[in-house]
Amino acid sequence: MVTAPVVEVQGLRLRYGARTVLDGIDFRLDRGEVVALLGPNGAGKTTTIEVLEGFRRPDAGAVRVLGESPETAGDAWRARIGVVLQSWRDHARWRVGPLLEQFATLYEPFAASTGRRPHDVTELLDLVGLGGHRGALVRSLSGGQRRRLDVAIGLVGRPELLFLDEPTTGFDPVARHEFHELVHALSDFDDTTVLLTTHDLAEAEKIAGRILILDRGAIVADGSPAELARAVPSASEISWREDGVRQVHSAADPEAFVRELLARTDVSVTELVVRAQTLEETYLAMIDTEDAR
């Protein structure tokens, strides 16, 4: 059965005065996908998200989000969307639990139409790693804890589509790993579609099944991290110990090189490691290619 896309964008164009910010981009997001939108500063990432959220009107093109135009959609549509911005207006005087409960009440009137009741606050706090801070004042939280609260606010309505803007800023490595698991759980069990922007390419590689690279207002790449790596000619790095001496070699066809190496009978090969091109290296190669045009 073919299902309608959660997000469908065709020919999206937007200008700020004389400057073209989005130059006819096309893409779609399907239900349950986790997609990372990457690009250098000024590429148009934030503008794209603002159009999808209905906060900015495009100059041309067609945009459908959850089956509706963001420009004209109402409150019931907004109740189906979660947003985690880089920073929220501070709620310093609130305590964590009551603040989330207040946000949850805003979604209750739409539960029947959306088919999704708001998260139980206690369960949600455990989910984002704030289970022991229900009674804490927001102003007493650390930067990383405050960011987890931002994420909880975005999730409390149990959204069908979740926008994450630099979601793990201020997280330590353990909290970042836990958050990655949380995002995968959302897509696996709640069938939530996630679109995130991040400057952490290692994070995008771990968290997203698909990458969109936006540069100079155009999408220059769209695919899984592995697909993008194959799209850019590159060499893998092979390292090993040969009779106890470390060796390093770069090869465009690492499998052929390794087969030939292991077939040799005149040396002892140990500690063999093949390192493929990372998403960061792929990304830089693609941006460099665009800059060279």
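Every number here is computed from the coordinates shown, using simple stated rules; none is lab data. Here the structure is a predicted model, which means the values were calculated and not measured. Here Cβ is always computed from backbone atoms with ideal geometry, including for glycine, and neighbour counts include all displayed protein chains.
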Counting sequence-distant residues (5 or more places) and residues on other chains, those with an amide H built under 5 Å from that of residue 83 are 163
Count the DSSP beta bridges whose two residues both fall in the range 133-239, then state the antiparallel fraction as a percent rounded to the nearest 5. 50
Antiparallel DSSP beta bridges within the chain, as percent of all bridges there, nearest 5: 65
Specify the residue with the greatest mean-square fluctuation among 72, 114, 192, computed from a Gaussian network of the chain linking alpha-carbon atoms under 10 Å apart. 72
State the answer as a single residue: which of 239, 250, 282 lies farthest towards the positive end of the charge dipole of the range 230-291, with beta carbon charges of +1 for Lys and Arg and -1 for Asp and Glu, about the Cα centre. 239
Which of the listed residues, 185, 270, 143, is farthest toward the dipole's positive end in the chain, when Lys, Arg count +1 and Asp, Glu count -1 at the beta-carbon? 143
Which of rounded, prolate or oblate describes the range 123-174 when judged by the alpha-carbon gyration tensor and an a/c cut-off of 1.5? oblate
Between 0 and 90°, nearest 10: helix 143-155 axis offset from the chain longest Cα axis: 70
Before rounding to the nearest 500, sum -39500 (n - 2.57) across all DSSP H runs of length at least 4 in the chain and divide by the residue total; then give [θ] at 222 nm in deg cm²/dmol. -10000 deg cm²/dmol
The chain - charge dipole about Cα centre, Lys and Arg +1 at Cβ, Asp and Glu -1, debye rounded to 20: 1060
Residue of 163, 257, 27 that the Gaussian network model of the chain assigns the largest fluctuation, springs spanning Cα pairs under 10 Å: 257
How far is helix 254-263 tilted, in degrees, relative to the longest principal axis of the Cα atoms in the chain, given as a value from 0 to 90 rounded to the nearest 10? 40
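For the range 68-133, state which trypsin sites (Lys or Arg not before Pro) are in a DSSP loop and have at most 16 other beta carbons lying within 10 Å of their beta carbon.
89, 93
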Determine the relative contact order of the chain: mean sequence separation of Cα pairs under 8 Å and six or more apart, normalised by residue count, in whole percent. 20
Nearest 20 debye, what's the magnitude of the dipole of the range 230-291 about its Cα centre given +1 on Lys and Arg Cβ and -1 on Asp and Glu Cβ? 300
